[in-house]
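The values are calculated or read from the model by the stated rules, or taken from the named source; none is laboratory data. None of the values given here were measured: they were computed from a predicted structure. We place every Cβ from the backbone using ideal geometry, glycine too, and count neighbours over all the protein chains shown.
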Amino acid sequence: MKLVPFKMERMQSEHEHGVKFNLSESGVEPLKIHELVDTPELQKQLLDIQLGYSQTNGSIPLRETIAQYYEGATADHILATNGGAEANFIAAWWTYLENPDRREFIFMVPNYMQLGGVWRNLGGTVKNFNMIMRDNEWIPDIEQLKSILSKKTSAIAICNPNNPTGAIIKESYLREIGNLAEDYDAWLISDEIYKGAEIYEEETPSAHGLYSKTIITSSLSKAHGLPGLRLGWAVCPSKEVAKEFWTYSDYTTICPSTVSDWLATLALQTKIQTIIGRRTKQVVRENWAIMKNWLDMHGDIFEYVPPSAAAICFIKQKTGLSSLEFVERLMKKKSVLISPGEHFEVPGYLRIGFGSEKEFLQKALDKISEFIAELH
């Protein structure tokens, strides 16, 4: 069997380190190790770590630290993974095999396309339900979701805050989605990797505990600015499901890095989280102001709904080019990488990340402006 390529990740992997300006990233500017390990005592502890295998499902201190952010969860409800990508992969794989009589997967679009891609490559049927624009916001199309649910539906997958739109799915919509999942006895998988990167005062509601068959996936990569740790997690509704997930991870990456496990435990301490969260929100709020000003300067070319969270904006472009052609020509002529809407199954749109350092962001946007001017 030949796998369908993960187009967005392949484009990023091939080009992100070769361009001068990479705005395809969706997280905030990553932290440096010394910013996290900022005392002589911590530095000594880091250097004294023995580089053996870690606890395969994540150390108890790490899982206890993650569990504190999910009401009612304990360390036994958590599986630590190598990035949110592994958590998503296991969630898709497990829900696919968990009930052989259910081979339909309902997937929110636009989205980070991994979950749907894994399910499709396993041989299942993927049905999209859309985020739609209404009253200048992106919302889930609940009526469409109702129309495509069936007794063959194994799982519904959402992303909140949403990638690539930056929309926060409000609690009222989450409850409707959870109720529908329960009505059809389907699993609900909620990718919450951008929770904590809100631009305004509104907090993102979690789907955790919404319904007895809810799985949360997340990681330190986006809202926490620590993608290089490759440390993610799945929050399962029971200890039994978490043990089953653990069995699956035995066949994937075995265990997280020992160093990443230790650094993640440190980063997720409440005091450190307060500092990281403050930094993240400062970056997204100040950089969104730069991004918004630039978009408004090009109002004849771009239409957009302001994101509510995450350092990403999903923009409708009216250049006469396909979005993929726009991205490829921009990269070739100006050495700037952004993501085309085709990679989110929404042609005509562009995703631009604005989580980098301000001066870098402004220079990259200036290069895109030059490219747009040369199109006319």
| request: Output the qualifying pairs, or none if there are none: Cβ atoms under 7 angstrom, residues six or more apart or on different chains, first residue in region 219-246 and in a helix (DSSP H, G or I), second residue charged (D, E, K, R). | output: Lys239/Asp76; Ala242/Asp76
| request: Tell me which residues, restricted to region 316-366, are more than 25 Å from Tyr194 (Cα to Cα) and assigned to a loop (DSSP other than H, G, I, E, B). | output: Lys318, Thr319, Gly320, Leu321, Ser322, Ser335
| field | The one condition in (1) of a type outside the set (A, V, I, L, M, F, W, C); (2) surrounded by fewer than 20 Cβ atoms within 10 Å (Cβ to Cβ); (3) in contact with an Asp or Glu (Cβ under 9 Å, 6 or more places away or on another chain); (4) not assigned by TED's automatic domain parsing to the domain that holds Ser238 that Gln43 fails to fulfil | value | (3)
| query | Of everything in region 284-315 that's assigned to a loop (DSSP other than H, G, I, E, B) and of a type in the set (A, V, I, L, M, F, W, C), which residue is nearest to Asn22 (Cα to Cα)? | reply | Ala311
| Candidate set from region 358-376 (those that are charged (D, E, K, R) and in contact with a helix residue (DSSP H, G or I) (Cβ under 9 Å, 6 or more places away or on another chain)); member that is nearest to Val4 (Cα to Cα) | Lys367
| query | Hey, any hits in region 155-164 for a residue that's surrounded by fewer than 20 Cβ atoms within 10 Å (Cβ to Cβ), polar (S, T, N, Q) and touching a residue at least 40 places away in the same chain (Cβ under 8 Å)? | reply | no
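Per-residue answers, yes or no, for (1) in contact with a Gly (Cβ under 9 Å, 6 or more places away or on another chain); (2) more than 28 Å from Ile189 (Cβ to Cβ):
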residue: Glu244; (1), (2): no, no
residue: Tyr248; (1), (2): no, no
residue: Tyr251; (1), (2): no, no
residue: Thr274; (1), (2): no, yes
residue: Val284; (1), (2): yes, no
residue: Leu295; (1), (2): no, yes
residue: Phe302; (1), (2): no, yes
| Test for Lys281: is it closer than 20 Å to Tyr69 by Cα, outside the structural domain of Ile193 (by TED's automatic domain parsing) and not in a loop (DSSP other than H, G, I, E, B) | yes
| field | Flag if Glu14 is loosely packed, with under 13 Cβ neighbours inside 10 Å, under 22 Å from the mean Cα position of the chain (by Cα) and not assigned by TED's automatic domain parsing to the domain that holds Arg230 | value | yes
| task | Can you give me the number of residues within region 1-58 that are in contact with a helix residue (DSSP H, G or I) (Cβ under 7 Å, 6 or more places away or on another chain), among the charged types (D, E, K, R) and part of a loop (DSSP other than H, G, I, E, B)? | result | 1
| request: Could you name every one of the strands (runs of 3 or more DSSP E) located completely within region 84-142 that has at least 1 residues being under 18 Å from Met1 (Cα atoms)? | output: 125-134
